[in-house]
Amino acid sequence: MAAMDDEKLPSESRGKPIRCRAAVSRKPGEPLVIEEIMVAPPMPHEVRIRIICTSLCQTDLSFWKMKDFPAIFPRILGHEAIGVVESVGEDVNEVTEGDTVIPTFVSDCGECADCKSTRSNLCAKFPRPSNFMPRYGTSRFTDLSGEVLYHFLSVSSFTEYTVVDIAHITKIDPAIPPSRACLLSCGVSTGVGAAWRTAKVEKGSTVAIFGLGSIGLAVAEGARLCGAARIIGVDVNRDKFEIGKKFGLTDFVDPANCENNSVSEVIKEMTGGGADYCFECVGLISLMQEAYACCRKGWGKTVVLGMDGPGSQVTLPSLDIIFGKTLTGSLFGGLKPKSDIAVLINRYKDKELQLDEFVTHEVRFEEIKKAFDLLIEGKCLRCVIYMTKE
């Protein structure tokens, strides 16, 4: 309790730049460099956060490797995290110094028509994550030579301190372990939400999931919580089936063992006509089409969570559309961060939602390269990175 009380004391650094460590991505695919940077104080509607821990997501890896637009360097990656408010700018009323918060790449301004609607979680005021602070178009990061460092997905959590717009901040119950809460900043929320909010999976239904990385397994967890009777996983790695059973998987399809049949043909035979809900969690056009092909005519719904390259197009049979099959996308699982994250936290506290099982590795900030290696080699679901030197 004493430590928490200390966090509530007025910040001595309020209104001043903070010098701290950050893992800076300077060139595509090259190891991140841990160096000292300067983090400017928050402007109006902004919050400066001390990051407690962060976790590595496949999206971080993709942008780290990317050579062309929207890649930009040097930048501070990381977007799945939890932290404590160090100071706030003017016109910030939702949080105060010492509050525990989760930053999210999806904004929730609470003011625009979209945020006020129950039909969407896409904020019209801040529609896309930015390389800068969204209201001002400027960065809060510089290196010690004065060079500007770009933000990442409006979060940038691979740093001891970051600045985030209040529209991207959700205050949470500090009782949940930080290493679990940070997963709700992106990956687990995205998967669970896709089943819960986007697809609205019904009790007793059949679900097929293409790709059993952490997002796909989170979809399985969401489908399990919704009461799906059968959850079929599709992946080229058979080891994923045993892992997936923890999250409710009941069946497994390995595309390499389908003989002369397509995966969609196998699943339609398994389910007597197709799955009620299909989820594509890899980001490949071919899998999106295969997922759509194996959802049931009349009411089948396919939800796309992965993203293929810029300009990629999906081709669908028009007859399947006429027959009532639907295809939709899902960003952050269709969740509204400021209201839905609290629901997930309560379900974790009530021992309904599984989070512990997603954390397979934990490292210190100085070992961030190890976290990248583990994800590249496919050896982890989520690797939590602790920012303190202890």
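A few comments on the model shown:
- Members of region 88-113 that are in contact with a strand residue (DSSP E or B) (Cβ under 8 Å, 6 or more places away or on another chain) and surrounded by fewer than 24 Cβ atoms within 10 Å (Cβ to Cβ): Gly89, Val92, Glu94, Val95, Thr96, Glu97, Gly98, Asp99, Thr100
- If you go through region 266-295 and keep only what is among the charged types (D, E, K, R) and open to solvent by less than 30 Å² (accessible area, probe 1.4 Å), you end up with Asp276, Glu280.
- Each residue in region 339-371 was checked for being touching a residue at least 24 places away in the same chain (Cβ under 8 Å) and buried (at least 18 other Cβ atoms within 10 Å of the Cβ), and 13 pass.
- Considered as a group, the residues in region 114-161 that are surrounded by 15 or more Cβ atoms within 10 Å (Cβ to Cβ) and charged (D, E, K, R) include one that is nearest to Glu86 (Cα to Cα), and that residue is Glu160.
- Put simply, of Thr142, Thr190 the only residue that is touching a residue at least 40 places away in the same chain (Cβ under 8 Å) and more than 30 Å from Asp356 (Cα to Cα) is Thr142.
- Of all residues making up region 14-71, the number that are of a type in the set (A, V, I, L, M) and either more than 18 Å from Ser130 (Cα to Cα) or open to solvent by 70 Å² or more (accessible area, probe 1.4 Å) (or both): 12
- Residue selected from region 66-110 under the condition outside any loop (DSSP other than H, G, I, E, B) and among the hydrophobic types (A, V, I, L, M, F, W, C), by the criterion nearest to the chain's Cα centre (by Cα): Ala81
- Among the conditions (1) closer than 24 Å to Phe365 by Cα; (2) modelled with pLDDT of 95 or more; (3) surrounded by 13 or more Cβ atoms within 10 Å (Cβ to Cβ), Ser11 misses just one, which is (2).
- Scanning region 298-323 for residues that are without any contact (Cβ under 8 Å) to a residue 12 or more places away in the chain and either surrounded by 13 or more Cβ atoms within 10 Å (Cβ to Cβ) or on the phi > 0 side of the Ramachandran plot (or both) yields a single hit, Gly311.
- One residue stands out in region 232-265 among those that are within 17 Å of Leu287 (Cβ to Cβ) and aliphatic (A, V, I, L, M): the one that is most open to solvent (accessible area, probe 1.4 Å), namely Val236.
- Residue check, Ala223 crowded, with 22+ Cβ neighbours inside 10 Å, modelled with pLDDT of 95 or more, touching a strand residue (DSSP E or B) at 6+ places or on another chain (Cβ under 7 Å) and assigned to a helix (DSSP H, G or I): yes
A quick yes/no check of all residues on (1) of a type in the set (Val, Ile, Thr); (2) touching an Asp or Glu at 6+ places or on another chain (Cβ under 9 Å); (3) closer than 17 Å to Thr250 by Cα; (4) touching a residue at least 12 places away in the same chain (Cβ under 8 Å):
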site: Ile169; (1), (2), (3), (4): yes, yes, no, yes
site: Ala181; (1), (2), (3), (4): no, yes, no, yes
site: Ser185; (1), (2), (3), (4): no, yes, no, yes
site: Ser205; (1), (2), (3), (4): no, yes, yes, yes
site: Phe210; (1), (2), (3), (4): no, yes, yes, yes
site: Cys226; (1), (2), (3), (4): no, yes, yes, yes
site: Val234; (1), (2), (3), (4): yes, yes, yes, yes
site: Asn237; (1), (2), (3), (4): no, yes, yes, yes
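- Boolean, Ser154 is assigned to a loop (DSSP other than H, G, I, E, B), of a type outside the set (A, V, I, L, M, F, W, C), more than 18 Å from Gly98 (Cα to Cα) and touching a residue at least 40 places away in the same chain (Cβ under 8 Å): yes
- Flag if Phe63 is within 18 Å of the chain's Cα centre (by Cα), under 19 Å from Ala23 (Cβ atoms) and either in contact (Cβ under 8 Å) with a residue 40 or more places away in the chain or assigned to a loop (DSSP other than H, G, I, E, B) (or both): yes
The values are calculated or read from the model by the stated rules, or taken from the named source; none is laboratory data. What you see is a predicted model, and the numbers here were worked out from it, not measured in a lab. When we count neighbours, we look across all protein chains shown, and the Cβ atoms used for this are built from the backbone with ideal geometry, even at glycine. Calculation scope for accessible area: heavy atoms of the full protein, side chains included, ligands and nucleic acids excluded. Shrake-Rupley method; radii C 1.70, N 1.55, O 1.52, S 1.80 Å.
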